[in-house]
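No lab work stands behind these numbers, since they all come straight from the coordinates. All of these numbers come straight from a predicted model, not from anything done at the bench. Because the Cβ atoms are built from the backbone with ideal geometry, glycine has one as well, and the counts that use them run over all protein chains shown.
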Amino acid sequence: MKYNKSYLARRLALSLIIGGMFVSSAYALPQGGAVVGGGSNGNIGGSGNVMDIIGTGSNNVAIKWEQFNIANGETVNFKNMANVLNYVTGNTKSEIYGTLNGQGVNVFLLNPNGILFGKGAAVNVGSLHASTGKMTDAAINGFNGTPAIDLSRVTADVLNLGAIRADKVTIEGANISLGNAADIKKQNGDAIAAANQANYILKAEGTINIGYETIGTKNISIIENGVSTERAIRDYSAGAAEKGSTLFMGKKLNGSEANNINDCMLISDIYELQSISTDKTYEPNRFSKFMLAGDIDGTATKNWNSGSGFKTLFSSGDLSFTGVFDGAGYTISNLYINSSTAEYGGLFGVSAGKIANVQLSGIDYNFTGGIKAIGGRAGWL
């Protein structure tokens, strides 16, 4: 979205999704399941918020689903099988917020529309293979424990913010985003127990982003209600508790070519968001990488800076954001910007970097003066 000079005082109250495949939609227990191959029959049953898939006759089960979602408070159990292929034939991504169990079972979840393991999701299986690749009907019906996945035309992403406990984890997508690297390393709690380079396989044709926590904090000054107020934020110069690039190796989808992992500094509140371009400690590093750690409410910005509110990030044409900003599916809401000095207006002013997976809601922009372009995520891309 761009606006030229004829919209100098354009006020925007908008709700929009930027690269928003990770924005939640309606979901429930898996729907439209039919056992179609793998050399085994299987029963899909259960009651209430629990679904039980029980294999009979063989170690392998292949199931086609119209959709495969698990809401918070719901549970899906795989029993009496060694390997189970779950292939989604519908046109919606899979959203896992509940519990997926399969003690000793190798679980394959393939959805070409995308896969989200949301915050609070708990996966406890023998191994997990989550992929947005495709399979032919013949390959699904002939599933023998090792799926024949076509990774040549992958267009959808995989995001994990939950707890995956498995002996081996494989993730394949156009892009991959993972939450806090320190949480991933933990062996207990909301973490991924298989977090090592041998047993955690990340394959993406595009970016692999992993958030990290800092080991220190510092204070910044914000003018709120006319008073200079000190607010504590992460100190990105203090170092990281754990970085994803030290835990994992990324690969391209062909499996042979390496793919860099982006270590993304976590952002938890509106003060840390503002500091991306105003904190002089790391402002010169225009290649910085960031990831939201949760939803951010910008209501307080209405009373910032004598009515001018939030300052557009990288608003000058001679300072362009060229890094990574991964919203991890979260929302920035109620942001207020009222500026007569910004050259380019939006959340970001000028960006040549990658801004993805963030939803903007209730944004109020008012730009006057020498504004050259206004946008939602950025005035100029």
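Quick look at the values:
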{"quantity": "Gained length - ALA138 relative to THR341, 0.36 nm times residue gap less alpha-carbon distance", "calculated": "67.0 nm"}
{"quantity": "Sum of side-chain charges, GLN103 neighbourhood, beta-carbon under 12 Å (Lys, Arg +1; Asp, Glu -1)", "calculated": "+1"}
{"quantity": "Net +/- balance of residues flanking ILE44 in space, Cβ distance below 12 Å, scoring K and R +1, D and E -1", "calculated": "+1"}
{"quantity": "Neighbour-count ranking [beta-carbon atoms within 10 angstrom, fewest first] of GLU242, GLU66", "calculated": "GLU66, GLU242"}
{"quantity": "Those residues of segment 250-271 whose amide nitrogen sits under 20 Å from the label point placed on LYS186, 7 Å along Cα→Cβ", "calculated": "264-269"}
{"quantity": "Filter on LYS252/LYS289; LYS185/LYS289; LYS79/LYS251 - keep pairs with C-alpha separation over 23 Å", "calculated": "LYS79/LYS251"}
{"quantity": "Per-residue Cβ neighbour rank within 10 angstrom, fewest leading, ASP263, ASP297", "calculated": "ASP297, ASP263"}
{"quantity": "Added length on full extension, which subtracts the Cα-Cα distance from 0.36 nm per residue, THR89 to ALA71", "calculated": "4.5 nm"}
{"quantity": "Net charge contributed by nearby residues that have their C-beta within less than 14 Å of ALA174 (K/R +1, D/E -1)", "calculated": "+2"}
{"quantity": "Net lengthening on full extension, LYS168/THR56 (0.36 nm per residue, minus Cα-Cα)", "calculated": "37.9 nm"}
{"quantity": "GLN31-ASN49 pseudo-label distance in nm [points 7 Å out on the Cα-to-Cβ vector]", "calculated": "1.9"}
{"quantity": "Rounded FRET efficiency, nearest 0.05, which uses the C-beta distance separating THR217 from ASN254 and R0 of 45 Å", "calculated": "0.60"}
